[in-house]
Amino acid sequence: MDQVEQPRGSTPQGHPHTAERVPVQRGGEGRYGAARGEHTHGEEAVRRTAPRVVRHSVRGQILDALRAALVSGELAPGEVHSGPALGARFGVSATPVREAMQQLVLEGAVEVVPNRGFRVTERAESDLADLAAVRALIEVPTMLELARTVAPERWCALRPLAEAATAAAAGGDLAAYADADRAFHGAVLALSGNAQLVAVAADLHRRAQWPPLGIAAARRADLVADAAEHLALLEALIAQDLPVVESLVREHFAGAR
C-alpha cells in the first residue's frame, strides 16, 4: 500500500493537534497569522483590491520630473548627473532614474558619460532656430489648411487649453507652461487626423523647450507674450481669417526660443 505523508501538525494515529501557526508581522492579526498552507479572507481581499505597483509608472514620474528640471534650467547644459545621486534626490532607487535617462538620451536631452552618469546636452542658440524652422515647415501649412476646413465651434472647444497656457504663464511656472504649450499645439494639429504628424511635431516641440548653453530660461514676460499669441491665433482661426492666421503662426515660430 502506498505511504501517505502525514500533514504537519498531525499524529501518526490521525488525531490532529492544533495546526502549526506561522508568526507574521501583519497588524490586526495578533502574533500569529493563518495556519500554514491556509489563506485568510483578508489576504484574499488584499490580492483582489490592492493596486499593482508598476515599474513603468515610477519611471514615468521620474521622466516627467527630469523633463521639468530641463525646461526650468535646474538641470543645466553641461552638467553631469549620476543615477544614484538623482535617485537619492527623488527618493527612489537608481534603476528608474537610469531608465528615464535612457529615454532622454533617445530624445537628445542628455548623453551618456561612461562610469559617471549622464551629461545634459549643450546646444547653441542656433539649434533652437533650426528647430523652429523645422517646426514651421510642418505646422504652418497644416494650420492654414485647418483654418480653411475646420468649423469655428471646434476651435472654440480648444479655448480652455489656450487659457490654461495663459494661467501657467502668468504664474511664471516654466514646467507647467511647457506642458500647456505642447497641449495646445498638439490639440490644434490633432484636428488634421494625422497621428504621425502630431507625434513628430510634439518631439520637435519638446526639444525646442530646453534652454541652450549660456541662455537663461524664459522669463515670465516672454511666457505671457507667447501665451497671448495662442489666444490671438485661436480667435483668428474661429473667424477663419486666413491672412491673420498665417501672420500669427509665422511670427510665433520666428520668435520661438
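The values are calculated or read from the model by the stated rules, or taken from the named source; none is laboratory data. What you see is a predicted model; the values in this text were computed from it and never measured. Neighbour counts are summed over all protein chains in view; Cβ atoms, including those assigned to glycine, are modelled from backbone coordinates with ideal geometry. Surface areas here come from the heavy atoms of the whole protein model, side chains and all, with no ligands, DNA or RNA. Shrake-Rupley method; radii C 1.70, N 1.55, O 1.52, S 1.80 Å.
Brief remarks on what is shown
- Members of the stretch 119-130 that are in a helix (DSSP H, G or I), open to solvent by 30 Å² or more (accessible area, probe 1.4 Å) and either touching a residue at least 12 places away in the same chain (Cβ under 8 Å) or within 22 Å of residue 64 (Cβ to Cβ) (or both): 125, 127
- Options 111, 145, 99, 153; residue that is in a helix (DSSP H, G or I), of a type in the set (Asp, Glu) and under 21 Å from residue 59 (Cβ atoms): 99
- Residue check for residue 116: exposed (fewer than 15 other Cβ atoms within 10 Å of the Cβ), of a type in the set (Lys, Arg) and at pLDDT below 50: no
- Residue in the stretch 160-168 that is surrounded by 14 or more Cβ atoms within 10 Å (Cβ to Cβ) and in a loop (DSSP other than H, G, I, E, B) present: no
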